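First up is the structure itself, then whatever we jot down about it.
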Amino acid sequence: MRCGDGTGIRICTAASVMRSTSLTSSRRLDGGGGRRGRGGGAGMVSFSAYSPCSTVAGMFKNEGSAAAFNAHKESIMRHVVVQCGTSRDTPRTFNTNGSHAESSAVAKAGTAPLVQALKLTANQDVSCFHFPGHNRGKAAPRSLSELIGSRTFLHDLPELPELDDLFSPKSVILDAQKQAAELFGSCKTWFLINGSTCGIQASVMATCSPGDHLIVPRNCHISVISALVLSGAVPKYVVPEYNSWWDIAGGITPSQVDKAVKELEEDGKKVGAVLVTSPTYHGICSNIQGIANVCHLQGIPVIVDEAHGAHFRFHRNFPSSATEQGADLAVQSTHKVLCSLTQSSMLHMDGELVDADKVSQCLQLLQSSSPSYLLLSSLDATRAQLSENAESFDEPVSVALETKDQLRTIPGISVLDLSSFHSDFPAIDPLRITLSASDLQLSGYEADDILAENHQIVCELVGTKAMTFAINLGTRRHDAQRLVHSVKHLSEKYFSENGSSSRKENLACSPLDKFSIKLTPREAFFSKKRRLCIEDSLGEICGELICPYPPGIPVLIPGELVTQDSLSYLMNVRDNGMAISGAVDSKLRSIMNHRSGQTLDRYEQQSCTYGTGHLANDRITFRVLRRKERKPQSEHRIWISSIRHKFAHVHGFPEAF
């Protein structure tokens, strides 16, 4: 099915042709022009062949004369996009020099068809004999009514005829999704009420059959692993660059994707799709245009987990969105930086490589058959909100840039930027502020506790070395100033020039880059398992998905061998109070392992880290030296008992766990 058949949305007839011709042999796979390079969408003139952080989004490549190139190089009007036959002929919606009417011409400003239908239906004078049981609020629980108001229940309606059908939309939902597609620059958009997780799952299931390979960064979200279990696809992991000083992983590059594609082709393996996380939780963007160019030459669709980038299309200072750069599917959490209700998201499609009908079928399998119209209408309302005000993000961007500048001047405080990485990542989200107090001898957890308890500052994400703060449409300038004041107080209390630590070169390895896959996630997930105490799990095949949450990046994935690095990292973050998601035993006293998994000889492990204390200088490492001969069984039991005793003593466990 063509993208847009039967929907009234434009037919994307030239997308694949434009994309496949946009890659030339003279262009570097990692992009050119450095981090400040400016580029356009696929098939357009660009200052850097693959740089998506562009200020000019559009001229056809065959019109790229030197005069035209120089004229547009001076422009910052990235909302001018003219690419035949694709959604990228829709202008961006922020306003530079043009009028507000011109900037928002792509959407029917002020209209929210689903919101209006919900309002009219709720105001009907009818006797209701349908679900839900609170009957438009008449029997709503009092405690909840007092919390959220009785009118919320009035609008909590089921799939009545006048409210349309999410899985076969013909009226108001179809209209709302069309308007969203226009505004967000896609040829088709689906509303999601099971969050971006179901969008990721549907995207993988629609592009990968069982046994196909999915090329994916190892720091992907937990939802990608669930998608591998559901689809039966086989992961081909790409290890992102990792900065040990920050304990933060970046994005992936076009050259890494190209290498992975070639390796699979040489082995005779089929690539179903490539999935990229961009931006990451910390706002680091990968070069989607370059990755798309590499993949589209081979007819491979590109899925982008753009959960943290739903706002990218709405300000000149933001990176280009995934669909602007040639992504085939982009999943966005509209509820994050934008203003829809939590759990509501959108899935955008562009081009012809993906079957839209198959995506719809997968979504019907994954989404609730009783969708919340409060969630659906919040997506429609958010779209209308953005189309009404082309300058929505002017203030948040100004606040974010000003706050970063002030934080950088505070002694002992570091702010994450692209210089923290060697790879030529094209952009970092200006609304995401990640800072470290390591030079104050404070971990991310310690600094976060101080800011929360003493200053009532609540961050979005805390890690071992850093904290991340999200600026959004609701952020007020006085809140940002409160953050700066609190961090200054932190510095004044803990900073000492003699005691401050010096920044080290990024030489350490990521806890995610040493892994060995023995089973696919699906095979391991459905296999018979046994629970082993944690020190006996080393070298076993992990049977469950274990990840600190947030950010929801798995450290151990079903089918991987349990390694000393993964155990040490998990013990460290757990001892620092971070929640562990996915494990049956959330305290990580034990791990579910594949029952017939391979057990590595514990005597062959030269350095096995079972756990760490609360601080780096308290790290306890149990080293198992290589032995030429096995000890007798009785001596072996005594040795294991000793290890268990020491491990339990360090972590406060009872010995018989």
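The values are calculated or read from the model by the stated rules, or taken from the named source; none is laboratory data. Nothing here was measured: the structure is a model prediction, and the numbers come from that model. Positions of Cβ are backbone-derived with ideal geometry, glycine not excepted, and every protein chain shown enters the neighbour counts. Side chains are part of the model used for accessible areas, which takes the heavy atoms of the whole protein and leaves out ligands, DNA and RNA. Shrake-Rupley method; radii C 1.70, N 1.55, O 1.52, S 1.80 Å.
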Out of all the residues in the stretch 359-379, which are in contact (Cβ under 8 Å) with a residue 60 or more places away in the chain, part of a helix (DSSP H, G or I), open to solvent by less than 40 Å² (accessible area, probe 1.4 Å) and under 21 Å from residue 149 (Cα atoms)? 373, 375, 376, 377, 379
For the stretch 140-151, indicate whether the set of residues that are among the hydroxyl-bearing types (Ser, Thr, Tyr), open to solvent by 60 Å² or more (accessible area, probe 1.4 Å), within 16 Å of residue 119 (Cβ to Cβ) and without any contact (Cβ under 8 Å) to a residue 24 or more places away in the chain is non-empty. yes
From the set of residues in the stretch 498-541 that are buried (at least 17 other Cβ atoms within 10 Å of the Cβ) and basic (Lys, Arg), which is modelled with the lowest pLDDT? 529
Note on the stretch 551-603: residues at pLDDT below 90, in contact with an Asp or Glu (Cβ under 7 Å, 6 or more places away or on another chain) and at positive phi are 582
With the first residue restricted to the stretch 110-131 and required to be of a type in the set (S, T, N, Q), and the second required to be open to solvent by less than 90 Å² (accessible area, probe 1.4 Å), Cβ contacts under 7 Å at 6 or more apart or on different chains are 111/384; 121/157; 121/160; 121/162; 121/163
Regarding the stretch 229-236, can at least one residue be identified that is within 26 Å of the chain's Cα centre (by Cα), of a type in the set (Ser, Thr, Tyr) and assigned to a loop (DSSP other than H, G, I, E, B)? no
Test of understanding: among 257, 229, 261, 239, which residue is more than 30 Å from residue 166 (Cβ to Cβ), open to solvent by 10 Å² or more (accessible area, probe 1.4 Å) and hydrophobic (A, V, I, L, M, F, W, C)? 239
Of all the residues that make up the stretch 330-359, how many are of a type in the set (A, V, I, L, M) and more than 14 Å from the chain's Cα centre (by Cα)? 7
Which condition from (1) surrounded by fewer than 24 Cβ atoms within 10 Å (Cβ to Cβ); (2) touching a Gly at 6+ places or on another chain (Cβ under 7 Å); (3) farther than 16 Å from residue 197 by Cα is the one that residue 323 breaks? (1)
Only one of these is open to solvent by 40 Å² or more (accessible area, probe 1.4 Å), at pLDDT below 95 and aromatic (Phe, Trp, Tyr): 94, 129. Name it. 129
Taking the stretch 169-179, which residues are part of a loop (DSSP other than H, G, I, E, B) and either among the aliphatic types (A, V, I, L, M) or modelled with pLDDT under 95 (or both)? none
If residue 169 meets every condition in (1) buried (at least 20 other Cβ atoms within 10 Å of the Cβ); (2) under 24 Å from residue 351 (Cα atoms) apart from one, which number is that one? (1)
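Residues are listed down the side, and each one gets a yes or a no for (1) closer than 25 Å to residue 315 by Cβ; (2) open to solvent by less than 20 Å² (accessible area, probe 1.4 Å); (3) among the small types (Gly, Ala, Ser):
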{"residue": "400", "(1), (2), (3)": "yes, yes, yes"}
{"residue": "406", "(1), (2), (3)": "yes, no, no"}
{"residue": "416", "(1), (2), (3)": "yes, yes, no"}
{"residue": "435", "(1), (2), (3)": "yes, yes, no"}
{"residue": "447", "(1), (2), (3)": "no, yes, yes"}
{"residue": "467", "(1), (2), (3)": "yes, yes, no"}
{"residue": "478", "(1), (2), (3)": "yes, no, no"}
{"residue": "483", "(1), (2), (3)": "yes, yes, no"}
{"residue": "493", "(1), (2), (3)": "no, no, no"}
Go through the stretch 314-365 and give me each residue that's touching a helix residue (DSSP H, G or I) at 6+ places or on another chain (Cβ under 7 Å) and charged (D, E, K, R). 324, 350, 352, 355, 358
For residue 209, all conditions in the list (1) surrounded by 24 or more Cβ atoms within 10 Å (Cβ to Cβ); (2) modelled with pLDDT of 95 or more hold save one; what is the number of the exception? (1)
